[in-house]
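A short worksheet on the structure shown next.
Derivation of every value follows stated rules applied to the coordinates shown; laboratory data play no part. In this text the structure is predicted, and so the values were computed from the model without any measurement. Because the Cβ atoms are built from the backbone with ideal geometry, glycine has one as well, and the counts that use them run over all protein chains shown.
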Amino acid sequence: MVTSTTSPQLDTGPQGDPDRAPRRIGFSQTLGRWDVKVSPYLYISPFFILFAITGLFPLVYTAYVSVHDWNLIGGKGAFVGLENYAFVLQEPNFWRGLRNTFSIFLISTVPQLIIAIVIAALLDANLRARTFWRMGVLLPYVVAPVAVSLIFGKLFADKFGLINTVLGYIGIDPIGWHAQVLPSHIAIATMVDFRWTGYNTLILLAAMQAIPRDLYEAAILDGASRVRQFFSVTIPMLRPTIIFVVITSTIGGLQIFDEPRLFDQTGQGGPSRQWMTATMYIYELGWGNQKSFGRASAVAWILFLIIIVIAMINFSITRKIASESSTTKKRKKVSR
């Protein structure tokens, strides 16, 4: 018997040739790989470029100016370190402006948030001409701050204002809206609420419309009334949006300038600085009699740090509330 043996053949194909040079990647393939890796960063780069130009650079430059003796007319002076900060912290007007800022912020923000939630709930209901009412809510936000200040300045005039006239009809003595501390803060807070309540209402309304309707149907089947649905379904589902509104209102409230600046004709915050805010004090230092950009920049940086601290406190408190509510829901599910 003859057996034939065949020797194995070597693979001489393009992949089995050990002497074959590796295939070069074409330029189009290289460009495609770079496009996949780099293009996402190019898409988001406009935001970071604009933020660096309009946000980060002014912040860093303000810190640089705050440690120099920088004058509006004379320009850059000598390096003074923390001397501008020490001067500002010893000034009574700085603490008075900080007190007025927090007072106006608290008086305006708390009612503004409550009113915005209530109006958003009304607009979320089945109303006739809903688009008309939603546009009407936003109209005060479109009005120029100068016009709003002039109108409310006349309404809250000390002698012949409409508010004091109405109060006189019901037997209440006229209130010194421009002479006393708390009444002036209430008047300015009313101006702030008039402008910004509609804006926050639309934000909350958009969040309400994103709530699944199945939750309301389940609440109706459980016998919950409209009020119970509002507090048990709507408010918990609005918690992230409420956190956002609170943080943005905090940032805007601590930077308030237009309304108190235009509350009277002088624009100095009253004869005793009873409604002068921190931003008005910055304007007074930089463009007033002192014309010191270094001290004004120091106040700006102190205000920036205060806003950061308050925003972090707001975020931690709201996050703690959210975690406690989620823990309570889990316990209820386990008990069931």
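Its residues counted as N, segment 134-270 yields a C-alpha radius of gyration over 2.2 N^0.38 Å of 1.38. Value of Rg to Rh for the chain, rounded to two decimals, is 1.23; Kirkwood radius and Rg both from alpha-carbon coordinates. Relative contact order, whole percent, for the chain stands at 25, derived from Cα pairs under 8 Å and 6 or more residues apart.
Computed from the C-alpha gyration tensor, the three semi-axes of the ellipsoid equivalent to segment 24-168 are 45, 36, 14 Å, from longest to shortest. Between the alpha-carbon centres of segment 215-290 and segment 113-182 there is a gap of 15 Å. Counting only Cα atoms, segment 196-283 measures 61, 19, 15 Å along its principal axes, largest extent leading.
Entry for segment 177-336 at q = 0.11, 0.17, 0.18 Å⁻¹: log10 I(q)/I(0) = -0.65, -1.09, -1.16, Debye formula applied to identical alpha-carbon scatterers, no solvent contribution. Between 171, 294, 81, the GNM of the chain built on Cα springs shorter than 10 angstrom shows 171 fluctuating the most. Per-residue ellipticity at 222 nm, computed for the chain from helices alone with -39500 (n - 2.57) per DSSP H run of at least four residues, works out to -22000 deg cm²/dmol. Across segment 35-83, Cα pairs under 8 Å and at least six residues apart give a relative contact order of 21 percent.
Could you give the Stokes-Einstein D for segment 32-103 in µm² per second, using the C-alpha Kirkwood radius, 20 °C, 1.002 mPa s?
Working: Rh = 16.0 Å.
The diffusion coefficient I find is 134 µm²/s.
Residues whose amide H comes within less than 5 Å of that of residue 68, counting only those at least five positions distant or on another chain, are 80 (H built at 1.01 Å from N in the peptide plane). Mind pulling the angle between the C-alpha long axis of helix 181-209 and the longest principal axis of the chain? Nearest 10 degrees, somewhere in 0 to 90. That works out to roughly 30 degrees.
With a cut-off of 13 Å between beta carbons, the residues surrounding residue 175 carry a summed charge of -1, where Lys and Arg count +1 and Asp and Glu -1.
Would segment 97-159 count as rounded, prolate or oblate if I go by the C-alpha gyration tensor, calling it rounded below 1.5 in a/c and otherwise prolate when a/b exceeds b/c, oblate otherwise? Verdict is oblate for segment 97-159. Distance from the alpha carbon centroid of segment 186-210 to that of segment 40-108 works out to 28 angstrom.
If you scale each eigenvalue of the Cα gyration tensor by 5 and take the root, what three semi-axes come out for segment 54-140, rounded to whole angstrom and sorted largest first?
On the way: eigenvalues 424, 67, 21 Å².
Semi-axis lengths for segment 54-140 are 46, 18, 10 Å.
Calculated FRET efficiency, residue 309 to residue 64, Cβ-Cβ distance, R0 = 35 Å: about 0.95 to the nearest 0.05. In this label model, residue 244 and residue 144 are separated by 3.1 nm, measuring between points 7 Å along each Cα→Cβ vector.
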